[in-house]
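Peer 1: Have a look at this one.
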Amino acid sequence: MSQSSSEVQTSAEERRILDSLISKGVLELKPTIDKEGIRYTSVEKYIKDAQPTHVATLLQDLEKQGLIEPKIVDRAITCPDCNSPQIYSKYACPKCDSYNVEHTELIEHIQCGYIGSKDKFVGDSTLICPRCQNRIEENQKTLSYREIGSCYQCEKCGYRFDEPKTLHLCQKCGRTFTYENARYVKIFSFTITEKAISDSRRDTPIMENISKILTDKGFRVHRHPVVTGASGVQHKFDILAERNETRLVIDISLTGSKNDMISLLGKKVDVNPTKALIVDLSNLDELSPLGRIYDITVLKAGSIHNLMRQLEKLLSAMEEKPGKSRRDVRENYAEKARKFLEKD
């Protein structure tokens, strides 16, 4: 199976925004709502002329990469035409569609049997039946009338009904619509993941210096690339540097844990680079002996100057005595297999 660098990797803009948020301690991206849409102002401040659609696409990309984790915090009705969530609702008469509807209590005058809305009974200071014009005294009301329920009444056509027709009006474009064609969308907050925080810590001046040295040596440098191995499994490295047939993969170990070495070893076996390196930012000595066993070069950070000197020395040695290309390695394996079969 062929080996290739995946196009799914963190862009420079995404990396810059994440680094800025993490450095300021902003680990949760909370939504706000206005007529333009569902917005994330903590992200927008790092984007010139930010539009909600651009921010939404950026957040989707970060979620796919496992750098932010979504959580549903609300839902909103949005316009089917312009997607604005700035919607207000009105009640309308189901018969004539007039907005002029009133919720009222229904009263029955027991003496004459008249039933009507309570506002029809209101006089100057007491209730008066609109049919028989008898005054309903305060101390007689329990005997003179009774409340039999409530309803809506259209002030335009007089139609009474229990449930009004609900209409939504978009304040941005003016579209009027019902629940049948409304968009009812999820609203998310996002939490920056430990993976993103770990990646951010790796993007130190050390990363900048390593990238610069490799670029000066003619390598094409990718940060946090995803590389597909011979098995078909995708592996993520901190740096991938390519020049002609030479491919270097580099991981950075924050803690100097042997698990970082084992992880790189597994990826190395599947990806088969020209050279695998691990930059040890810890003060421990666990990785160097393992590196000699697994043929993985360990660069001890110490100071940035010392680390850069180690890397330049390694690259110079590779140029003086170039290692076998990946093609050479494959051909060597094929030749050994052929000789083995010939012996049989």
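The values are calculated or read from the model by the stated rules, or taken from the named source; none is laboratory data. Quick caveat, the model's predicted, so the values are computed rather than measured. Neighbour counts run over all protein chains shown; Cβ positions are idealised from the backbone, glycine included.
Residue by residue, here is whether (1) assigned by TED's automatic domain parsing to the domain that holds GLY25; (2) within 30 Å of PRO31 (Cα to Cα); (3) touching a residue at least 40 places away in the same chain (Cβ under 8 Å); (4) touching a His at 6+ places or on another chain (Cβ under 9 Å) holds:
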{"position": "ILE187", "(1), (2), (3), (4)": "yes, yes, yes, no"}
{"position": "LYS217", "(1), (2), (3), (4)": "no, no, yes, no"}
{"position": "HIS224", "(1), (2), (3), (4)": "no, yes, yes, no"}
{"position": "VAL249", "(1), (2), (3), (4)": "no, no, no, yes"}
{"position": "ILE262", "(1), (2), (3), (4)": "no, no, no, no"}
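Peer 1: If you don't mind, there's one more thing I want to ask. Starting from residues that are in a loop (DSSP other than H, G, I, E, B) and modelled with pLDDT under 80, keep the ones in the stretch 115-160 and report whichever is farthest from LYS90 (Cα to Cα).
Peer 2: Residue satisfying both the conditions and the ranking: GLU137.
Peer 1: Within the stretch 65-121, how many residues turn out to be in contact with a strand residue (DSSP E or B) (Cβ under 8 Å, 6 or more places away or on another chain) and farther than 30 Å from GLU147 by Cα?
Peer 2: Residues flagged as in contact with a strand residue (DSSP E or B) (Cβ under 8 Å, 6 or more places away or on another chain) and farther than 30 Å from GLU147 by Cα within the stretch 65-121 amount to 22.
Peer 1: Further question on the same structure: Filter the stretch 33-52 down to the residues that are among the hydrophobic types (A, V, I, L, M, F, W, C), closer than 14 Å to GLU14 by Cβ and in contact with a strand residue (DSSP E or B) (Cβ under 9 Å, 6 or more places away or on another chain) and list them by number.
Peer 2: Looking only at the stretch 33-52, we keep the residues that are among the hydrophobic types (A, V, I, L, M, F, W, C), and these are 33, 38, 43, 47, 50.
Those still in the list that are closer than 14 Å to GLU14 by Cβ too: 43, 47, 50.
Selection gives VAL43, ALA50.
Peer 1: What's the number of the only condition in (1) in contact with a Ser or Thr (Cβ under 7 Å, 6 or more places away or on another chain); (2) surrounded by 14 or more Cβ atoms within 10 Å (Cβ to Cβ); (3) farther than 30 Å from SER200 by Cβ; (4) of a type outside the set (A, V, I, L, M, F, W, C) that ASP119 fails to meet?
Peer 2: (2)
Peer 1: What is the number of the single condition among (1) touching an Asp or Glu at 6+ places or on another chain (Cβ under 9 Å); (2) assigned to a loop (DSSP other than H, G, I, E, B) that GLN111 does not meet?
Peer 2: Evaluating GLN111 over (1) touching an Asp or Glu at 6+ places or on another chain (Cβ under 9 Å); (2) assigned to a loop (DSSP other than H, G, I, E, B) leaves (1) as the failure.
Peer 1: Identify, by number, the condition in (1) modelled with pLDDT under 90; (2) closer than 30 Å to CYS82 by Cβ that ASN181 doesn't meet.
Peer 2: Here ASN181 meets the rest and fails (1).
Peer 1: Suppose the filter is surrounded by fewer than 17 Cβ atoms within 10 Å (Cβ to Cβ) and within 29 Å of GLU180 (Cα to Cα); does ILE47 pass it?
Peer 2: No: the conditions fail for ILE47.
Peer 1: Name the residue, out of LEU307, LEU281, LEU299, LEU248, that is modelled with pLDDT of 95 or more and under 23 Å from ASN209 (Cβ atoms).
Peer 2: Result of the check over LEU307, LEU281, LEU299, LEU248: LEU248.
Peer 1: Six or more apart or on different chains, Cβ atoms under 7 Å: show the pairs whose first residue is in the stretch 303-332 and more than 19 Å from ASN244 (Cβ to Cβ) and whose second is modelled with pLDDT under 85.
Peer 2: Close Cβ pairs (under 7 Å, with a partner that is modelled with pLDDT under 85) amount to ILE304/PRO205; ILE304/ILE206; LEU307/ILE206; LEU307/ALA301.
Peer 1: Here's something else I'd like to know. I need every pair where a residue in the stretch 16-35 that is among the basic types (Lys, Arg) has its Cβ under 8 Å from the Cβ of a residue that is part of a helix (DSSP H, G or I), sequence separation at least 6 or different chains.
Peer 2: Listed by first residue and then by second, the contacts come to LYS30/SER42.
Peer 1: Do any helices (runs of 4 or more DSSP H) entirely within the stretch 1-96 hold 2 or more residues that are modelled with pLDDT of 90 or more and over 25 Å from HIS235 (Cβ atoms), and if so, which?
Peer 2: 41-44, 52-64
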